[in-house]
Structures are given as structure tokens and as C-alpha cells.
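Structure record follows, encoded as C-alpha cells.
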Amino acid sequence: MIRFFADANYDFIGVRRYAYGITAILFVISVVALIAWGFNYSIEFSGGTLVRVKAAQEVDVARLRSALEAQGITGPEITTIGSSGGYLIRARTAKAGSDADNTQVTAAAVGAALDQAVGPGKYVLEGSGAVGPKVASELQGKALSAILLSFLAVLGYLAIRFEWRFGLAAIAATAHDIILTIGFIALMRLEVSLVVVGAVLSMVGYSLNDTIIIFDRVRENLHKYKRDHFIDIINRSINETLPRSVLTHGTTLATLTSLAIFGGEVIRPFALVMFFGVFTGTFSSIYIAGPVLIWVEQKWPGAEARGVKPGVKAAVQPPSTIGRQPSTVKADA
């Protein structure tokens, strides 16, 4: 089996200050994008109308979307459902508010668009319904709660699985990923829908998984190399898990690229957000989680993590020079 980066020995922590500069630039871009454009909410979060349509024959989605936009419906979401000719159209209400009258107006506009795209009498409006402002507000709150609860759950898991220092570093890296991803969504003007929220949560899980794998190797090496400097142990652990990261991320990016190109309008935002999240998750696992863990270790040394009895100082050697070849690095790939 071909082993990529089998003898990797890069000084990731040594160049962390350059990584801080990259992070600062991305943060500024994210903040500017959020201030300048804000979020483009879908009807799940802003209110709107859902119309279920059954056409006599299959209709080209691009043609149907153009017809809807010609009727004054901006940003319609069209999902193919059931057998050929079934569609679920999500559209913002034609006027302010989302009461029954506006729902009827939107349904009428959809009917006019279908007359143009399909032909009169060649389709059936099977039903329509409104997503009101109250429901949209509740969905926004639940989406935010889901992200915050995932934070707490991860912090609790890491505190039990490792110790609180590791949990704090992982949360810092995950917060970094979420902020940059939100900025990416605003910059790309992606519509914030439940699909995009699902992509953000998936990205959080992916990033945390990568961080936990590195931290698990850090914990093993802390017991194995008790006399090594903590920075050396972090660098060693990242290099040892690098082959696994390259293979896993490479295959994930290949899949997401296919989804972004061939997945259609509905799944494309999910693929784009996840694609960006893979990069930020990899970056933060190396250049955010590791340095934060070093900083926390310096402020509050963890004797338990090093396998040393409380009150007994572990023997620590100065950090090695850049480029020293570790004698026991083994790849996972």
C-alpha cells in the first residue's frame, strides 16, 4: 500500500504565527461580508409559501425557475418529489407579511408561471401552505440552539474522554470554523436554509473528529514520551496523523466536488459549505487547536495528561530544533 507522508516531519507549530495572520485576514473578510450583506434567509427562516405541483410531464427545472422569476418570485426553491412531474416549490411571499391573502397571491403567481412553462391545464396545484414569521423565528432559534448544544455536548465528551484542557482547545478550534464558515456563507450569498444549517452542523462534526484524532495521539504520546517538550509532542502527533488526514480529506473533497457540480440547486449549497468546512477544519485542527492546547498547558499544567502524580513536576527537555527527524514516527495511512 502506498503511504503518503509516511515519514512526515514538518514543524507545524513553529510556523503558527503565520497561520494566525491568515486567520486574522479571514476573520476580517468574514466580518466585512456579514456587515455588508448579512444573511440571505430561505423561507424556512424568513416566511413564505410552499406549493405542491403535479405536472402531466416532466419540466426542465431551469425553465420553471425562469418562469417563476418572470412572475416576480425571487429565489424560488424547486425540489423534485415523487414520480416524474412532481415538484415542491418554495417561494417568498409576493408582498410583505405571510397571511392567507399573500399565500394566495404567491400560489396564483406560481400558477401563471406554470401556464407559461408547462401549459394551461397540464398541471395540478395539489396544495399550498405558508411559513409564518413566528415559525421562521422559532426555526432560527432552534438552529442556533442546535449549534450551541453541540458545543456543550462536545465539551462534556472531551472533558471525560481526555480532560478539560483538550475540550477547551477543541471548542476554540470549532468556534473558529463556525465563524469563518458563516462569513463564507455571507460572502458567497448562499441562501440560509435548513440544508445549509445541516451543512454547518456536519462541518462541526467533521472538524471535531479531526481534532479528536490528533488529540488522541497527543494523549498517547504524552505517556510514551514523558521527557519530551510539549511542543515536540504536538508536532509529532500532527505528523503521525497527517497520512490519515490527507487520505480522508482528499476523498471527502472529491465527493463534495461531484455533489457541487452534479448535485443540482438544492444540494449544491450543502456541498459548498462542507467543501469550505473541510479546509477550515483541517487548518484549525493543526494551527488553532494545537496552539491553544499549548497555551492552556502553559497556564494550567495538566499533570494527569502526562501520567504524572499531582504535585510532581514532569521532566521536560527544551523543544527540538526544526527538521529533527523523529525516530519513532509511524504513519496511519
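Measuring r between the beta carbons of ALA112 and GLU58 and using R0 = 22 Å, the FRET efficiency lands at 0.65. Think of region 159-291 as having a plus end and a minus end, set by charges on the Cβ of Lys, Arg, Asp and Glu; of THR248, PRO269, GLY183, THR248 sits farthest toward the positive end of this dipole. Taken along the Cα-to-beta-carbon direction at a fixed 7 Å, the label points for VAL246 and HIS229 span 2.6 nm. In this Cβ point-charge picture (+1 for Lys and Arg, -1 for Asp and Glu), region 215-259 has a dipole of about 140 debye about its Cα centre. Multiplying the residue separation of ALA260 and LEU194 by 0.36 nm and removing their Cα-Cα distance gives an extension gain of 22.0 nm.
Here the peptides 274-287, 253-266 are ranked by packing, the mean other Cβ count within 10 Å, and the order with the highest first is 274-287, 253-266.
Available extension along the chain between LEU34 and ALA146 is 38.2 nm, counting 0.36 nm per residue and deducting the alpha carbon span.
In this structure ILE178 has an accessible area near 20 Å², from a 1.4 Å probe over the protein heavy atoms.
With r as the distance between the Cβ atoms of VAL124 and LEU253 and R0 = 51 Å, compute the FRET efficiency 1/(1 + (r/R0)^6) and round to 0.05. In this case the efficiency is close to 0.75.
Charged neighbours of ALA117, selected by a Cβ distance under 15 Å, balance to 0 (K, R count +1; D, E count -1). With both labels modelled 7 Å from their Cα along Cα-to-Cβ, the ASP216 to TYR10 distance reads 2.2 nm.
The values are calculated or read from the model by the stated rules, or taken from the named source; none is laboratory data. This one's a predicted model, so the numbers in the text were calculated from it and none came from an experiment. Neighbour counts are summed over all protein chains in view; Cβ atoms, including those assigned to glycine, are modelled from backbone coordinates with ideal geometry. Surface accessibility is based on the protein's heavy atoms, side chains included, excluding ligands, DNA and RNA. Shrake-Rupley method; radii C 1.70, N 1.55, O 1.52, S 1.80 Å.
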